[in-house]
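The values are calculated or read from the model by the stated rules, or taken from the named source; none is laboratory data. Computed from a predicted model, the values in this text were never measured in an experiment. Note: ideal-geometry Cβ built from the backbone for every residue, glycine included; neighbour counts use all protein chains shown.
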Amino acid sequence: MAELHRLTALQLRDELAAGRVGAVETAEHFLARIADLNPLLGAFLRVTPEAALDAARAADARRAAGGDLPPLHGLPLAHKDLTDVAGVPTTMGSAAVDAWVPKADAPLPAVLRRAGALSLGKTQVPEFGLSSYSENLVGPPARNPYATDRSPGGSSGGSAAAVAAGLLPFAPGTDGGGSIRIPAAATGIIGLKPSRGRVPSGSGQSDLGQFVVAGPLARTAADAALMLDALIDEPLHRATAAPPDPQLDGPATAPNHGPYLSAALRAEGRYRIGVSTASPFASRLDIRLEDEALDALAAGEAALRAAGHTVDEAALRYDARYPDAFGLVWTAALANLPLGPGREEDLTPLTAVMRRRDLQRSAADLADAVDVLRRFEEDTIRAFSDWDMILTPTLAMEPRPIGWYGTDADEDYARQCLYSPFTSLVNVCGLPAVSLPVHRTAAGLPMGVQLIGRPGAEASLLAVAAQLEAAGNYIGGPPAPFSA
């Protein structure tokens, strides 16, 4: 058998279910790999070996007792440090609030724990999950395994780096403006942002715009689908106002395969795909795509055509009011941030400035911004409806150096929008989208493309992702020592 970290999550799941490898053996393998490589990567802010091994021993005992096993039996993962995990300190990536130890899991860890997964710890994030990079004042920055002087993106940067470097087989992320897709593209893995309401939100803060949704970070389409099947196993969490995806009507590929895993493994369907480099931020910023982003887009187009899809230009235009409305709603919850006396000075410059501005805004300002975004959602979904999917670059630039965003709040925010000008609109519209690792630059850095689906069409996105993967269109893994 290959070393455990070289197996896909699905392969490892099947080995665990068959008893050819134990949950304790698996947890010990990945904990040892984290101990060896995380000092170079900064992916984990906190590792919880005792709790992980206790859960692994319980998983092995359950298998030994016989009976049905949960769908993620014994599989290791980790949670962003924006999410409460019972008995583990939560920092929210901020030095300005005291860490707390929750007594109970938040909905996202709870559903994955019930599915049999083992949490190995908490991963690095930006302060309150606000940024497209994973640097804060709490711990070392998360680094990109393809080049450790580069960022893996954010806000799920620590989790994505851990998956890309083989410290985890897969991991849940949360995405409020691109926080799954941005780090997936920067680290050469798959990142799926589901439709609004599809899974427990996993929100790290109050979410006025209903932007945030949890989804998988994985190295294969089947692994992403395996996690999504587990994430939706919650009767009160379903996509809203979405017609059923025809891909979900297909037959299961095995008795223990859920509907999304079956769709990924069948890898069927041919679609009309519109290509666009239009960004709603273009009304305020000079959006420019680096050659590497254009190369990735060309690679994505070629791969989709080779797979039998119809790919043509989509002439899209966006409401010029979007940048101001999104920025206001995105940071609105900072106005409610409870800070003790003198603690504001412990905030990062970006958070401190945005919070001061949010405190000066009125309820009418927020209501107007939300109204703009709701109209934007209706208009954009209507424009997208001419196509089955929309293809864009995931990022406009190659992965950014650590510290590139600077300390000036306005420059920081503008650089984030310039870096990822295509992701947040998906959250505003509540649509599903996936970032696919289709290109590597001359310097060896990964670049991805984003496929945006119709409401509720995660299965179709996973099917197309699997088609491109089967055709050999995905880049390989990171360099040593993470490839060892």
message = Just checking, does segment 321-332 include any residue being at pLDDT below 95, touching a helix residue (DSSP H, G or I) at 6+ places or on another chain (Cβ under 7 Å) and part of a helix (DSSP H, G or I)?
response = yes
inquiry  = With the requirement that a residue be within 15 Å of V464 (Cα to Cα), of a type in the set (A, V, I, L, M) and touching a Ser or Thr at 6+ places or on another chain (Cβ under 9 Å), what does segment 249-267 give you?
reply    = L261, A263, A264, L265
message = Anything in segment 289-313 that is assigned to a helix (DSSP H, G or I) and out of contact with any Leu (no Cβ under 8 Å at 6 or more places or on another chain)? List them, or say none.
response = D291, L294, D295, A296, A298, A299, A302, R305, A306
remark   = Scanning segment 243-266 residue by residue, the ones that are aliphatic (A, V, I, L, M) and surrounded by fewer than 20 Cβ atoms within 10 Å (Cβ to Cβ) total 3
ask   = Would a scan of segment 98-112 turn up a residue that is buried (at least 22 other Cβ atoms within 10 Å of the Cβ) and in a loop (DSSP other than H, G, I, E, B)?
value = no
task = Residue by residue through segment 373-396, note down the ones that are surrounded by 20 or more Cβ atoms within 10 Å (Cβ to Cβ) and either in contact with a His (Cβ under 9 Å, 6 or more places away or on another chain) or not in a strand (DSSP E or B) (or both).
result = L373, F376, T380, F384, W387, D388, M389, T394, L395, A396
note = When restricted to G448, G472, the only residue free of Cβ contacts under 8 Å to residues at least 60 places away in the same chain and closer than 23 Å to L294 by Cβ is G472
note = For segment 151-165, pairs from a residue that is at negative phi to a residue that is of a type in the set (S, T, Y) and surrounded by fewer than 24 Cβ atoms within 10 Å (Cβ to Cβ), with Cβ under 8 Å and 6 or more apart or across chains, are none
ask   = So, in segment 143-186, of the ones that are within 16 Å of P481 (Cβ to Cβ) and in contact with a Gly (Cβ under 7 Å, 6 or more places away or on another chain), which residue ends up surrounded by the most Cβ atoms within 10 Å (Cβ to Cβ)?
value = A164
task = Consider L461 carefully, then state whether it is buried (at least 22 other Cβ atoms within 10 Å of the Cβ), of a type in the set (A, V, I, L, M) and within 16 Å of G215 (Cβ to Cβ).
result = yes
query = Can you tell me which residue in segment 113-136 is nearest to T91 (Cα to Cα), limited to those that are part of a loop (DSSP other than H, G, I, E, B) and more than 15 Å from the chain's Cα centre (by Cα)?
reply = N136
message = D286 - would you say it is modelled with pLDDT of 95 or more, loosely packed, with under 14 Cβ neighbours inside 10 Å, within 18 Å of S424 (Cβ to Cβ) and more than 23 Å from the chain's Cα centre (by Cα)?
response = yes
request  = State all residues of segment 24-83 that are of a type in the set (S, T, Y) and over 17 Å from L167 (Cα atoms); if no residue qualifies, say none.
outcome  = T83
ask   = Within segment 37-65, which residues are among the basic types (K, R) and within 24 Å of Y133 (Cα to Cα)?
value = R46
inquiry  = What's the number of the only condition in (1) modelled with pLDDT under 95; (2) touching a Pro at 6+ places or on another chain (Cβ under 6 Å) that T187 fails to meet?
reply    = (1)
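Residue by residue, here is whether (1) in contact (Cβ under 8 Å) with a residue 24 or more places away in the chain; (2) buried (at least 22 other Cβ atoms within 10 Å of the Cβ); (3) at negative phi holds:
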{"residue": "E3", "(1), (2), (3)": "yes, no, yes"}
{"residue": "A9", "(1), (2), (3)": "yes, yes, yes"}
{"residue": "E15", "(1), (2), (3)": "no, no, yes"}
{"residue": "A23", "(1), (2), (3)": "yes, yes, yes"}
{"residue": "F30", "(1), (2), (3)": "yes, yes, yes"}
{"residue": "P49", "(1), (2), (3)": "yes, no, yes"}
request  = Would you be able to tell me the number of residues in segment 220-242 that are of a type in the set (G, A, S), surrounded by 13 or more Cβ atoms within 10 Å (Cβ to Cβ) and modelled with pLDDT under 95?
outcome  = 2
query = If you check R415, R357, which single one turns out to be at pLDDT 95 or above and either loosely packed, with under 14 Cβ neighbours inside 10 Å or over 23 Å from D319 (Cα atoms) (or both)?
reply = R357
query = Which is among the basic types (K, R) and within 26 Å of G456 (Cα to Cα), of R284, R317, R288, R321?
reply = R317
inquiry  = I'd like to verify a number: residues in segment 5-34 that are more than 12 Å from P76 (Cβ to Cβ), β-branched (V, I, T) and part of a helix (DSSP H, G or I), how many?
reply    = 0
